1. Once amide H atoms are built 1.01 Å from N in the peptide plane, which residues 5 or more positions from residue 119, or in another chain, come under 5 Å H to H?
2. Normalised by the residues of segment 130-174, what does the relative contact order come to in percent, with Cα pairs under 8 Å and at least six apart?
3. Each residue of segment 220-227 in turn: what ³J(HN,Hα) in whole Hz from Karplus with 6.51, -1.76, 1.60 and θ = phi - 60°, glycine and Pro shown as x?
4. If we count every other residue with Cβ under 13 angstrom of residue 153's Cβ, Lys/Arg +1 and Asp/Glu -1, where does the sum land?
5. How high is the relative contact order of segment 169-227, given as a whole-number percent (alpha carbon pairs under 8 Å, six or more residues apart)?
6. Among DSSP beta bridges whose residues both lie in segment 169-227, state the antiparallel percentage, nearest 5.
Amino acid sequence: MNKTTVSRRWALAAMIAAASPAGAQPVVFENLDRLEAHIGDFAGPHRAPRVDRRLKLGACAMRPELVWYGAGQTTVLVRCGAPDGWQIYVPVDMKPAGQGAVQDGSGAVVVVRPVPRGGTITAGDVDFRPDTYVPGGATAIDQVVGKVVIRALSPGETVRTNVVIAPNAVKRGDPVQIRSGGTGIEVAVEGVAEQDAPVGGRVRVRVRNVASGSRIQTIVVSPGIVALPGYKNPETGRE
């Protein structure tokens, strides 16, 4: 082996060493069993979260934040707030009878007087029955009161979470305020909704005071208030 060959090999070894940080640590993944137990504590004893075991999430340097996502408390948004964090959506099922769902009092919401299709459920339309259990059924009256039913409900029927939807917070033709901006900065203009949509839903809006009558896609924040995607509430700093 000549000196030229040896020199080239040392040079190659040096390049490899430079590309591999000294003392590089192996990747550590989030413990999914522990994460699922954490979600279970949040959701309550009557619910069973289902974390996808195929996930490869980096270990979170802090305790993940948990919030209910959507209507009916059937999904939990799990967010790791670390700089290299992540977020996932975890479905949560009611435990079947025999696993403590009825015996320890989870119960269900039952209709006590007819509710027509498209009607809004009031507190007088339903009752809580601790001795009743139906998979997918609402387990608290506040989960359904104020919601709109997509089909008629009859007395004695258990209210399932998939037959109720949030009421429209904005209706076609309503004047709305369009907000945009980030934390600490907010811009608002007037517009007119061209569609019906609930809070969190997307709605097309025609901007007022613009000669071209521009139309933009927005997200409903509250009745009469819509925002451009990415808007952050200056009070909470959240979208």
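1. 149
2. The normalised contact order for segment 130-174 reaches 41 percent.
3. Per-residue couplings from phi come out as 6, 9, 6, x, x, 10, 10, 9 Hz.
4. Working: positive: 113, 117, 147, 151, 160; negative: 125, 127, 157.
Net of charged neighbours comes to +2.
5. Details: 142 pairs, mean separation 20.8, N = 59.
Rounded, it is 35 percent for segment 169-227.
6. Antiparallel bridges make up about 85 percent of those DSSP assigns within segment 169-227.
Each value in this text was obtained by applying a stated rule to the coordinates, not by laboratory testing. Owing to the predicted nature of the structure, the values given are computational and were not obtained by experimental measurement. A quick note on method: Cβ atoms are made from the backbone with ideal geometry, for glycine too, and the neighbour counts reach across all protein chains shown.
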